[in-house]
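Just below is one structure, and these are the notes that go with it.
The values are calculated or read from the model by the stated rules, or taken from the named source; none is laboratory data. These numbers were taken from a predicted model, which means no experiment stands behind them. Cβ placement follows ideal geometry from the backbone for every residue including glycine, while neighbour counts extend to all protein chains displayed. Please note that ligands, DNA and RNA were not included when accessible areas were found on the heavy atoms of the full protein model with its side chains. Shrake-Rupley method; radii C 1.70, N 1.55, O 1.52, S 1.80 Å.
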Amino acid sequence: VGKGIDVSEHNGVIDWEAVKNSDVDYAIIRVGYGSNYTQYDDDYWTRNAQECTRLGIPFGVYIYSYADSVEDAASEADHVLRLISGYNLSYPVYYDLEETNIINKVGKGTITEIAKTFCGRMQNAGYEVGVYANLNWWNNYLTDGVFNNWHRWVAQYNVTCDYGGKYHMWQCTSSASVPGINGNVDVNFFY
């Protein structure tokens, strides 16, 4: 079991030296959100990725999805590929599916096709891939067998993870304290 954090521009400027000297084993860094436009890049992506690389902190990445079509999902995959080029990822590329407006608009069948498009593009480019969602989404929307092909990252803020299926990472809190980071941070366990 490894202890990790996931971070974005919302965590501000991180003192990665302090993080490295803490009990944190790895990081999942947000590259951005939505389609492949530079204005949707995470403001601290480059700094966070360069610091983890410099200090030898293993990391993976995630993108927050707003896709409501397979075309949007393909653009989100291109967004990730543009930014991770040249970096050595130790953890998967995660597709963050949690936008309520999208699931209400397109339903579970289309969300499955969106995930297939994004994850397939990542795999074709040679990357390990996973999907992030909360327990409700895993239990009610992301139920197609195709999700067994990718790493599952389950968010449930609790003392245990109640997801009944197989998963690789559990986000257990959004309010942890980690040296080098001002304010609350998400903590995960990788199995």
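Structure notes:
- Enumeration of residues in the range 122-140 that are closer than 19 Å to E71 by Cα and either without any contact (Cβ under 8 Å) to a residue 24 or more places away in the chain or surrounded by fewer than 20 Cβ atoms within 10 Å (Cβ to Cβ) (or both): Q123, N124, A125
- Screening Y94, Y191 for residues that are in contact (Cβ under 8 Å) with a residue 40 or more places away in the chain and either among the charged types (D, E, K, R) or more than 19 Å from Y33 (Cβ to Cβ) (or both) leaves exactly one candidate, Y191.
- Residue count for the range 89-110 under the criterion of being in a loop (DSSP other than H, G, I, E, B), out of contact with any helix residue (DSSP H, G or I) (no Cβ under 7 Å at 6 or more places or on another chain) and open to solvent by 50 Å² or more (accessible area, probe 1.4 Å): the result is 1.
- Among residues of the range 1-14 being modelled with pLDDT of 95 or more and out of contact with any helix residue (DSSP H, G or I) (no Cβ under 9 Å at 6 or more places or on another chain), the one that is most open to solvent (accessible area, probe 1.4 Å) is H10.
- Scanning the range 49-88 for residues that are open to solvent by 10 Å² or more (accessible area, probe 1.4 Å) and among the hydroxyl-bearing types (S, T, Y) returns T53, Y62, Y64, Y66, S69, S75, S85, Y87.
- Only one of the numbered conditions (1) out of contact with any Asp or Glu (no Cβ under 8 Å at 6 or more places or on another chain); (2) farther than 27 Å from S69 by Cα; (3) among the charged types (D, E, K, R) is not met by R152, and that is (2).
- Scanning the range 158-191 for residues that are open to solvent by 40 Å² or more (accessible area, probe 1.4 Å), closer than 21 Å to W16 by Cβ and over 19 Å from the mean Cα position of the chain (by Cα) turns up S177, P179, N182, G183.
- Residues of the range 9-51 that are farther than 26 Å from R121 by Cα, part of a helix (DSSP H, G or I) and over 16 Å from the mean Cα position of the chain (by Cα): W16, E17, A18, V19, K20, E51.
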